[in-house]
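Everything below concerns the one structure shown next.
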Amino acid sequence: MNDYLLSILLGIVEGLTEFLPVSSTAHLRLTEALLHIDLASGYWKMYTIVIQLGAILCLPVYFRARIAKLLSTFPGGERGDGTALTHPLGLTMVAFVVTAIPSFLMTKIIGKHLESLYIMGSSLLIGGIVMWIVDAMNAKSEAAGPGATNSRIHTWKMEEMSLLQAVWIGACQILSAVFPGTSRSMSTITAGQLAGMSRASALEFSFFVSMPTMAAATCYDLLKSVMGKGENAIGVSHIDSHGWVILAIGFAVSFIVAYAAVAWFLAWVRKRGFAPFAIYRIIVGIAVLAWASHWIG
């Protein structure tokens, strides 16, 4: 395939799947296998890091007004009686720290699992089932709305979150780092719903906690790649003009597609929930396991 078309295709895949609860890692790995390309080679490994960075950067742009409002109320909150550990931005950093330290310490385990289609297929399947069950459990409370009696939901917006909820979500997010295919988005959204959060509040917090988490992980990987450190890493000096153009195309496509996906996803979830994404995960998970069994076995 032409490098320019390949860059556009991979940028679309990354942009579409990075923030939907379907696992961008699994979809890039499947795309790699289907197209018979090697994304683990030096240049293409850097490319996947760059397009992920493009997707990440769409979030602060999309949520710029929301971020500005939260910054203006930090640390006291809208009512002025909060603290740094009860403010949404503080809770975001708590979840990030809870996730980042264990994930960093387990990088060798993560690296091994990245190569396994069995792990990805199982994670997609199991995650889809769990997501479907949890969303169905909360569906009646979602329909009733705030103020309903005997509701499973008691947190309707990020400003109402507790420190314990943030710690719980951060801990569950580790699963997505250790088991590719789980999806960082799925693990944080489902964890939030289990902790009594509404679909909208769980989704919004998922986006916010992904900013520092993904930025730190991506920038760390990019730094290693740029400096030529690590397995299959490539230094900047080894990239020619053609290579830089391919990187720029992938970055731009991923940013634009991710921005559109975030806007669409927020609107969809508020009205319809996560069941279609859960069903999609289950179907793809079964297909991946069947394919892996035939391909490897």
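The values are calculated or read from the model by the stated rules, or taken from the named source; none is laboratory data. These numbers come from a predicted model, not from an experiment. Neighbour counts are summed over all protein chains in view; Cβ atoms, including those assigned to glycine, are modelled from backbone coordinates with ideal geometry. These accessible areas exclude ligands, DNA and RNA; they are computed on the full protein's heavy atoms, side chains included. Shrake-Rupley method; radii C 1.70, N 1.55, O 1.52, S 1.80 Å.
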Just to be sure I understand the model, the point goes 7 Å from the Cα along the line to the Cβ. What's the resulting residue 4 to residue 200 distance in nm? 4.4 nm
If R₀ is 25 angstrom, what is the calculated FRET efficiency for the pair residue 129 and residue 245, using the beta carbon separation as r and rounding to 0.05? 0.05
Through the Karplus equation 6.51 cos²θ - 1.76 cosθ + 1.60, θ set to phi - 60°, convert the phi angles of region 76-83 into ³J(HN,Hα) values in whole Hz; use x for Gly and Pro. x, x, 4, 8, x, 10, x, 10
Largest to smallest accessible area among 81, 135, 3 [probe 1.4 Å]: 81, 3, 135
Highest GNM mean-square fluctuation among 248, 100, 177, for the chain with Cα springs under 10 Å, belongs to 248
Percent breakdown of C-alpha pair distances by 10 Å bin, ordered from the shortest bin, for region 1-68: 19, 51, 22, 8, 1
So what is the calculated 222 nm ellipticity per residue for the chain, using -39500 (n - 2.57) for each DSSP H run with n of 4 or more, over all residues, to the nearest 500 deg cm²/dmol? -25500 deg cm²/dmol
How far, in nm, would the chain grow between residue 118 and residue 61 when pulled straight, counting 0.36 nm per residue and subtracting the alpha carbon separation? 16.9 nm
Within region 156-190, which residues have the backbone N less than 18 Å from the label spot 7 Å out from residue 105 along Cα→beta-carbon, could you tell me? 167-179
Provide the solvent-accessible area of residue 282, counting protein heavy atoms only and rolling a 1.4 Å probe, rounded to the nearest 10 Å². 30 Å²
Net charge near residue 13, counting Lys/Arg +1 and Asp/Glu -1 over other residues with Cβ under 14 Å of its Cβ? -2
Which ³J(HN,Hα) values, rounded to whole Hz and listed in residue order, are derived for region 87-99 from phi using the Karplus coefficients 6.51, -1.76 and 1.60 in 6.51 cos²θ - 1.76 cosθ + 1.60 with θ = phi - 60°, glycine and proline given as x? 6, x, 5, x, 5, 4, 5, 4, 4, 4, 5, 4, 7
Karplus-derived 3J(HN,Hα) from phi for region 64-73 (6.51 cos²θ - 1.76 cosθ + 1.60, θ = phi - 60°), whole Hz, x at Gly and Pro, runs 4, 5, 5, 5, 4, 5, 5, 5, 6, 9
Extended-chain gain in nm, criterion 0.36 nm per residue less alpha-carbon gap, residue 280 and residue 267: 2.8 nm
Rounded to the nearest 10, the angle in degrees between the Cα long axis of helix 24-35 and the longest principal axis of the Cα atoms of the chain comes to 30 degrees
Within the chain, how many Lys pairs sit with Cα atoms under 21 Å apart, leaving out pairs fewer than 8 places apart on the same chain? 12
Can you compute the equivalent ellipsoid semi-axes for the chain, i.e. the square root of 5 times each eigenvalue of the Cα gyration tensor, sorted largest first and rounded to whole Å? 32, 23, 17
